[in-house]
Amino acid sequence: MQIWEPEYECMPREEIEQLQLERLQATLNRVYKNVTCYRTRFKEMGIVPEDVRSLADLAKLPFTTKEDLRLNYPYGMFAVPLREVVRIHSSSGTTGKPTVVGYTKHDLKVWSSLVARFMTAAGVNSDDVVQIAFGYGLFTGAFGLHYGSEMIGASVIPMGAGNTEKQIMIMQDYRTTALVSTPSYAVTIAERMEKMGIDPKGLTLKVGLFGGEPWSEAMRREIEERLGITATDNYGLSEVIGPGVAGECQCKRGMHISEDHFIAEIIDPDTGAVLPPGSVGELVLTSLTKEAFPMVRYRTRDITSLDYEKCDCGRTMVRMKKTMGRSDDMLIIKGVNVYPSQIEDVLFAIEGCQPHYQLVVDRKGALDTLEIRIEVTENIFFDEMKKQKAFLDKVEKKIDSVLGVGAVVKLVEPNSIPRAEGKACRVIDNRKI
Amino acid sequence: MLKIKNINAYYGKVHALKNVSLHLKAGEIVTLIGANGAGKTTLLNTLSGIIPTASGEILLEGKDIVGQAADRVVSLGLSQVPEGRQVFNPLMVEENLELGAYLRYRAGGQRNEIAVDLERMYQMFPRLKERRRQAAGTLSGGEQQMLAIGRALMARPKLLLLDEPSMGLAPLVVQDIFKVIERLRREEGTTILLVEQNARAALKVADRGYVLETGKVILEGKASELLENKDVQRAYLGRDKKEIWER
């Protein structure tokens with residue numbers, strides 16, 4: 001098994017910790033000097049960067065949340081002048097303002113090498129033909145994997161998302177060996193191949209690098225079996241750098257976090273307290289080398305746990321388990337982040353009152369479906385079928401444009417949505433992932 | 001080789017080093033760059049025991065050397081080539097070199113090895129051999145710098161601290177000095193911590209670097225990456241000088 005940067009990926013724990021401390025202190029000195037948001041926040045709490053003398057002292061510092069990024073929209077959290085930024089990416093921004101992140105030339109280089117690390121760990125090398133079936137654009141996914149592949153020296157096919165039959169044609173004709181996509185899209189491809197009467201095992205495909213949404217071990221087995229490949233998971237989020245924060249090696253027992261570039265903590269999402277190694281909780285990440293967009297204690301809202309045991313592959317970098325859910329109520333539907341509050345806002349905007357509603361998420365085949373059930377109230381009560389249909393259409397259209405994901409809207413009888421402590425159970429997720 | 005955690009040091013009431021942490025691996029050349037007064041020389045002096053460490057940890061091959069007297073630090077394997085050479089002007093070149101091995105001489109039993117090392121120095125710096133009987137004060141600046149380095153090497157250090165070796169020297173001589181630094185690592189395997197105003201030259205020979213600003217480390221990275229860093233270019237390499245910060 002190849003290792004991209006063994007001098008870092010296999011560092012003894014003691015050396016990792018010394019390097020982390022040095023880089024953490026330098027990062028704090030820089031953000032304190034260059035980013036107003038951090039400086040004011042530290043000052044409010046009576047903290048100066050010098051108070052951090054050990055990695056454990058990180059716990060003294062305040063968290064950074066998505067809300068902070070929104071408040072500092074667009075460039076408020078940048079630590080370098082805009083002229084040094086060579087790339088801007090952004091999150092979906094379905095509620096109000098999106099979040100904007102920037103990269104310097106050096107950041108892009110680091111990003112590429114971090115992706116090269118996990119791609120190498122997954123078994124990709126310079127002989128591979130990598131088909132990238134992530135959407136290019138403001139999202140970080142496609143670009144990250146694109147650069148990582150190029151750095152390794154593999155041949156990149158920048159397909160983009162969708163157009164499944166063309167994907168399959170290219171996969172056959174161009175002799176793709178590595179597929180990059182969301183796990184659910186890999187299933188879609190497998191299904192389509194079956195329909196088209198193509199035997200995936202007759203193809204040259206050997207590895208799949210899947211990320212962008214949570215998926216289960218069962219789904220891994222299904223993909224591996226149906227496509228006849230090795231499927232590995234990787235993790236990242238655009239606020240921190242994009243894909244490349246962590247990725248699985250071929251042992252497939254957790255994703256190695258690149259600890260020379262990030263410090264990972266697990267906290268109790270309710271109290272914010274740091275939990276001991278091995279505990280399940282919310283992942284908090286601090287960047288150590290980013291120039292344009294450093295992040296101190298960013299709350300990812302992803303629930304996972306960390307395993308510091310040495311891995312059989314030889315890498316010493318800590319492994320995070322597959323994410324097990326979210327500490328907020330965000331749903332990932334067809335790869336798009338959806339908050340129930342967004343739907344509340346839509347309903348409020350249309351009717352001026354807040355009806356009880358319930359979201360039912362399901363997975364038909366490999367595709368997510370969203371159903372919104374709304375309890376009938378006096379405001380939303382129609383004698384005429386025509387008016388009712390017009391109302392439902394209006395809600396569906398609005399939801400589609402706000403969320404970026406289509407939904408089926410249904411009216412249900414008053415009090416038919418079960419209440420827990422007076423509040424309706426907002427979300428039912430029937431997906432088995 | 002060397003591991004420093006959170007050292008703080010004061011010059012009178014001035015807090016000259018604030019929580020500085022850094023490390024050197026065996027055989028590495030690491031450079032410290034920063035403006036005047038950033039704390040580079042203070043850091044070297046703290047390491048070699050000339051300035052007291054107010055707090056923090058300095059581990060040389062795992063041994064804590066905080067609070068050790070300067071001579072003890074030298075015998076533990078750390079030698080410093082001070083800023084401005086500081087050779088003993090009235091003494092002969094050879095005497096200067098011999099003084100570098102004073103601690104070994106006093107400990108006894110190493111006389112032959114010292115003589116061998118002296119020959120090695122003459123091989124490395126043939127000019128010093130030519131002028132072995134000359135008073136050090138009569139040497140040119142470049143020769144004095146070679147002598148200062150040779151004198152430090154006579155203590156057989158595992159870690160060599162070089163403070164501004166190119167200061168006040170003509171460009172061609174500076175090139176020679178940097179060649180010596182590269183040779184030391186290549187031929188002797190010496191680990192080197194280099195402080196330089198000439199940031200570009202230092203970053204070219206070094207593996208890694210730390211950027212100090214008002215007593216704090218603000219950047220750590222591979223030397224090649226620091227050369228390309230815009231902050232470093234603006235502040236220490238003399239590029240983009242006129243451009244101002246805008247937001």
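Just so you know, all these numbers are worked out from the coordinates, no wet-lab data involved. These figures come from a predicted structure and were not determined experimentally. Positions of Cβ are generated from backbone atoms using ideal geometry, with glycine treated the same way; all protein chains shown enter the neighbour counts.
Order by neighbour count: A:PHE78, A:PHE381, B:PHE88, fewest other Cβ atoms within 10 Å first, most last. If you can, show how the numbers build up before the last one.
Working: A:PHE78 23, A:PHE381 12, B:PHE88 15.
Least to most surrounded, the residues fall as A:PHE381, B:PHE88, A:PHE78.
Annotation note: GluC sites (Glu not before Pro) in the range B:101-197 located in DSSP loop regions with a Cβ neighbour count of at most 12 within 10 Å are absent. Ignoring everything except DSSP H segments at least 4 long, calculate the 222 nm mean residue ellipticity for the protein assembly as shown; use -39,500 (n - 2.57) per segment, divide by total residues, nearest 500. One gets -10000 deg cm²/dmol as the mean residue ellipticity at 222 nm. For the range B:199-204, the Karplus equation 6.51 cos²θ - 1.76 cosθ + 1.60, evaluated at θ = phi - 60°, returns couplings of 4, 5, 4, 5, 5, 6 Hz by residue, with Gly and Pro reported as x.
Can you tally the net charge around B:MET1? Count Lys and Arg as +1, Asp and Glu as -1, for every other residue whose Cβ sits under 13 Å from the Cβ of B:MET1.
On the way: positive: B:LYS3, B:LYS25, B:LYS63, B:LYS158, B:ARG185, B:ARG208; negative: A:GLU15, B:GLU28, B:GLU61, B:ASP207.
Charge balance near B:MET1 sits at +2.
Averaged over peptide A:80-90, the number of partner chain Cβ atoms lying within 10 Å of each residue's Cβ comes to 2. In terms of overall dimensions, chain A has a Cα radius of gyration and Dmax of 22.8, 72 angstrom. Model label sites at A:MET196 and B:ALA69, defined 7 Å from Cα along the beta-carbon direction, differ in position by 8.2 nm.
Sorting A:PHE382, B:PHE178, A:PHE143 from the fewest to the most surrounding beta carbons within 10 angstrom yields A:PHE382, B:PHE178, A:PHE143.
For the protein assembly as shown, the antiparallel share of DSSP beta bridges with both residues in that region comes to about 60%.
Taking θ as phi - 60° and the Karplus parameters 6.51, -1.76 and 1.60, the scalar couplings of the range B:72-81 work out to 5, 4, 4, 5, 7, x, 10, 10, 10, 9 Hz in sequence order, x denoting glycine and proline.
The Cβ shell under 11 Å around A:THR300 holds other residues with a net charge of 0, Lys and Arg each +1, Asp and Glu each -1. With θ taken as phi - 60° and the Karplus curve 6.51 cos²θ - 1.76 cosθ + 1.60 applied, the whole-hertz 3J(HN,Hα) list for the range A:333-347 is 10, 6, x, 9, 7, 10, 10, x, 4, 5, 6, 4, 4, 5, 5 Hz, x standing for glycine and proline. In bins 10 Å wide, starting from 0, what share of all Cα pairs of chain B does each bin hold, as a percent? Taking every Cα pair in chain B, the percentages come to 7, 31, 36, 20, 5, 1, 0. By the count of other C-beta atoms within 10 Å, a proxy for reagent exposure, A:CYS313, A:CYS249, A:CYS10 are ordered fewest to most as A:CYS10, A:CYS313, A:CYS249.
Counting only other chain Cβ atoms within 10 Å of each residue's Cβ, the peptide B:16-23 averages 5. The calculated FRET efficiency for B:LYS25 paired with A:GLU44, based on their beta-carbon distance and R0 = 41 Å, is about 0.55.
Over the Cα atoms of the range B:115-214, the radius of gyration divided by the Kirkwood radius equals 0.96; this is the Rg/Rh ratio. Neighbours of A:PRO62, meaning other residues whose beta-carbon lies under 10 angstrom from its beta-carbon, give a summed charge of +1 when Lys and Arg score +1 and Asp and Glu score -1.
Using only the Cα atoms of the range A:332-429, each taken as one equal point scatterer with no solvent, compute I(q) by the Debye sum, divide by I(0), and report log10 of the ratio at q = 0.11 Å⁻¹. Reported log10 I(q)/I(0), two decimals: -0.31.
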